[in-house]
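The values are calculated or read from the model by the stated rules, or taken from the named source; none is laboratory data. Everything numeric here is computed off the predicted structure, so don't read it as measured data. When we count neighbours, we look across all protein chains shown, and the Cβ atoms used for this are built from the backbone with ideal geometry, even at glycine.
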Amino acid sequence: MLLPFVVIAVWENVDAARQTTFKEANALAGVYWVSRSMPLPLGAAIEHDTLAYAHTVETTEWPLMAGHRSSPQATREVYAIRNAVNSFQPSNEGRAGPLRARGSPMWRNWPPSAGSG
C-alpha cells in the first residue's frame with residue numbers, strides 16, 4: 001500500500017526538477033537574446049558568458065547533480081552574469097528594458113533553487 005505513495009512522491013520530485021530546468025533555460029535564453037542588443041563590449045561579454053554557463057551546466061553541473069552535488073564553477077558563472085547585467089548603465093532608462101525591470105521574472109528568483117518549482 002505504501003508503493004503508490006512512493007511512486008507519486010518520486011514523480012512529483014522529477015516534475016519539479018523538470019520545471020526548474022525549463023524556468024532556468026528560459027531565463028538564460030532571455031538574457032542571451034537581450035545581451036545581443038546591448039552595447040559593446042558588455043553585451044558581447046554577457047552573450048559569451050551565457051553560452052559558457054549553459055555549457056558548464058550541461059557538462060559539469062548535471063553530472064554532479066546526479067550525485068547530489070553542485071558545481072562551484074556554475075555558481076560563479078551565473079553570479080558573474082547577474083553582476084554584469086546589474087552593472088549595465090543605459091544611456092536612458094528605456095534601454096534597460098526587461099533586464100532591470102522591477103520584479104522582472106528574469107531576475108526575481110535567479111538562479112532558481114531546487115525547490116522553486
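Kindly evaluate ARG102 against the criterion of being part of a loop (DSSP other than H, G, I, E, B), loosely packed, with under 11 Cβ neighbours inside 10 Å and modelled with pLDDT under 55. Give the steps one after another, and end with the answer.
Working: part of a loop (DSSP other than H, G, I, E, B): yes; loosely packed, with under 11 Cβ neighbours inside 10 Å: yes; modelled with pLDDT under 55: yes.
Judged against the criteria, ARG102 is a match.
If the requirement is being in contact with a helix residue (DSSP H, G or I) (Cβ under 6 Å, 6 or more places away or on another chain), in a loop (DSSP other than H, G, I, E, B) and either more than 17 Å from LYS23 (Cβ to Cβ) or modelled with pLDDT of 80 or more (or both), which of these qualifies: PRO90, PRO112?
Values: PRO112 fails: either more than 17 Å from LYS23 (Cβ to Cβ) or modelled with pLDDT of 80 or more (or both).
Step by step, each of PRO90, PRO112 is checked, and only PRO90 is in contact with a helix residue (DSSP H, G or I) (Cβ under 6 Å, 6 or more places away or on another chain), in a loop (DSSP other than H, G, I, E, B) and either more than 17 Å from LYS23 (Cβ to Cβ) or modelled with pLDDT of 80 or more (or both).
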Residue in region 41-57 that is among the acidic types (Asp, Glu) and at pLDDT 95 or above present: yes
If we ask which residues in region 35-82 are surrounded by 15 or more Cβ atoms within 10 Å (Cβ to Cβ) and in contact with a Gly (Cβ under 7 Å, 6 or more places away or on another chain), their number turns out to be 1
Residue count, region 60-88, condition over 17 Å from GLY30 (Cβ atoms) and touching a Ser or Thr at 6+ places or on another chain (Cβ under 8 Å), comes to 6
In region 19-34, anything at pLDDT below 90 and touching a Gly at 6+ places or on another chain (Cβ under 8 Å) is listed as GLN19, THR20
